[in-house]
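Notes to accompany the following structure.
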Amino acid sequence: MRSFFLIALTCVLLGADEFDMFDIVDEEQSSFEDENSFIDVEFKLNYQYNETLKSNKVAFVNLKKDTKEFMVDIRLVADVDEQHILLKELYYKGNFTQEQYYKLGRMNIKEGYAKGFNPTDYFKNNLSLTLSNDPKEQKDNRLGSLALSYSLFLDEFVFRTLYSPKIESEKNTFLSDKSYYGLYLDKTNAENRASVYVDYSGVKNLSSSFLLHYNDEKLNIGLNLSYIYSDFIFYFESSLKNTEELINQTTFGFTHTSEYNLVSSIEYIYNEEKESKSSVFLTTRASDALVNLDINYIMWLNPQDGSSMAQLGFEYGLSDSFQTNIATSVYIGEDSSEYGKMPNDYEVLLELKYFF
């Protein structure tokens, strides 16, 4: 019955032209206008009900400011057992000339065009420090790494370099995991990493990025391509990782925007690091499906064992400052399958957000 529900829901969302859709990984939009303030403050109460495991009750306070000169993002996280102040991002932005720019500090470095899985997102290894229970928010909410980046703009080319050093620290210190205010640099900067990027935009409707990534004495090669054709955006993202042997990770996908701005993305993912190797990802989102109500849907499918995970979420804005969210995740499959062996058959996430 639940399998039928997931398939039916997917078909409905893909064909619901009356919805006004946009992609889940784009910056969130709403019908409310943003107001300039000294610092943006968000207060969030988060409750996740798990069928089997202990439910989570967490309070978040997010202090954020993004200007032309600097970026700061601080998270105060508190649950029943512990409280912590986490410095998610803090970096300075500068330029030497009109063509040369740099950033220095703690940055959440994200790479790749794909929505579900990014083979070239080489800094995702600190995902265990994600600051959200919502799977669609993980990429944007993980702790950043201390790094230095440099960009050079030359007509149709952009050359970028990035270096993130290894930082060692003893346990229970300010640089690592000291209670209440540790920086966790021993995890976000666990190894020396450097990247070189060459971006080219000289072909109409085609964007491309070639990159080399050095990671703990290993060289990785990455390629990102995206092409706009009519109402479609096709994209390709691939990485060859040099571990004990070369590992191929590749994502093919496309995003379609309908006449009524229904935006849906589907991806096929090949990952030699996983036992099943192949997976399929789908995402779609409705903005103002009803007045101030957004609907989002994501689905992961393992075609080898037939198991799947799906999340349906609703976000409702009560006012310019107050928002409520509810999302339900369902895991389907045999006990030995990828998603069937998850500890919960379903989860329910409730959130209350207040913006100052």
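The values are calculated or read from the model by the stated rules, or taken from the named source; none is laboratory data. In this text, all values refer to a predicted model and were calculated from it rather than measured experimentally. Every residue, glycine among them, receives a Cβ derived from its backbone with ideal geometry; neighbour counts consider all protein chains shown.
Quick grid of which residues meet (1) surrounded by fewer than 17 Cβ atoms within 10 Å (Cβ to Cβ); (2) within 24 Å of LYS204 (Cα to Cα):
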| site | (1), (2) |
| --- | --- |
| PHE232 | yes, yes |
| TYR235 | no, yes |
| ASN242 | yes, no |
| ILE247 | yes, no |
| THR251 | no, yes |
| SER264 | no, yes |
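Give me the residue from region 152-178 that is in contact with a Phe, Trp or Tyr (Cβ under 8 Å, 6 or more places away or on another chain) and among the polar types (S, T, N, Q) and, out of that set, farthest from GLN98 (Cα to Cα).
This residue is SER176.
Being of a type in the set (Val, Ile, Thr), touching a residue at least 60 places away in the same chain (Cβ under 8 Å), within 30 Å of THR284 (Cβ to Cβ) and outside the structural domain of VAL348 (by TED's automatic domain parsing) narrows it down to one of THR130, THR120, so name that one.
Just a single option satisfies the conditions, and that option is THR120.
Do you know which residues across region 305-331 are of a type in the set (D, E, K, R) and more than 23 Å from the chain's Cα centre (by Cα)?
Taking region 305-331 first, the residues of a type in the set (D, E, K, R) are 305, 315, 320.
If the condition is that a residue be of a type in the set (D, E, K, R) and more than 23 Å from the chain's Cα centre (by Cα), then ASP305, ASP320 are the ones that fit.
With respect to THR284, determine if the residue is in contact (Cβ under 8 Å) with a residue 60 or more places away in the chain and among the polar types (S, T, N, Q).
Numbers: in contact (Cβ under 8 Å) with a residue 60 or more places away in the chain: yes; among the polar types (S, T, N, Q): yes.
Yes; evaluated as a whole, the condition is true for this residue.
Name the single residue, out of those in region 111-137 being within 20 Å of THR250 (Cα to Cα) and in contact with a helix residue (DSSP H, G or I) (Cβ under 8 Å, 6 or more places away or on another chain), that is surrounded by the fewest Cβ atoms within 10 Å (Cβ to Cβ).
Here the residue is LEU127.
TYR163 - would you say it is more than 16 Å from TYR113 (Cα to Cα) and among the aromatic types (Phe, Trp, Tyr)?
When the stated conditions are applied, TYR163 passes them.
When both residues are 6+ apart or on different chains and their Cβ atoms are under 6 Å apart, which pairs have a first residue that lies in region 64-81 and is closer than 17 Å to LYS103 by Cα and assigned by TED's automatic domain parsing to the domain that holds LEU148, and a second that is of a type in the set (A, V, I, L, M) and surrounded by 14 or more Cβ atoms within 10 Å (Cβ to Cβ)?
Within 6 Å, the pairs are LYS65/VAL72; VAL72/LEU90.
Cβ-Cβ distance below 8 Å, separation of 6 or more or different chains: which pairs start in region 329-342 with a residue that is touching a residue at least 60 places away in the same chain (Cβ under 8 Å) and end on one that is among the aromatic types (Phe, Trp, Tyr) and assigned to a strand (DSSP E or B)?
Here the result reads SER329/TYR346; VAL330/TYR346, each pair linking region 329-342 to a residue that is among the aromatic types (Phe, Trp, Tyr) and assigned to a strand (DSSP E or B).
Looking at (1) outside the structural domain of MET309 (by TED's automatic domain parsing); (2) hydrophobic (A, V, I, L, M, F, W, C); (3) not in a loop (DSSP other than H, G, I, E, B), which is the one condition that is false for VAL41?
Result: VAL41 passes all but (1).
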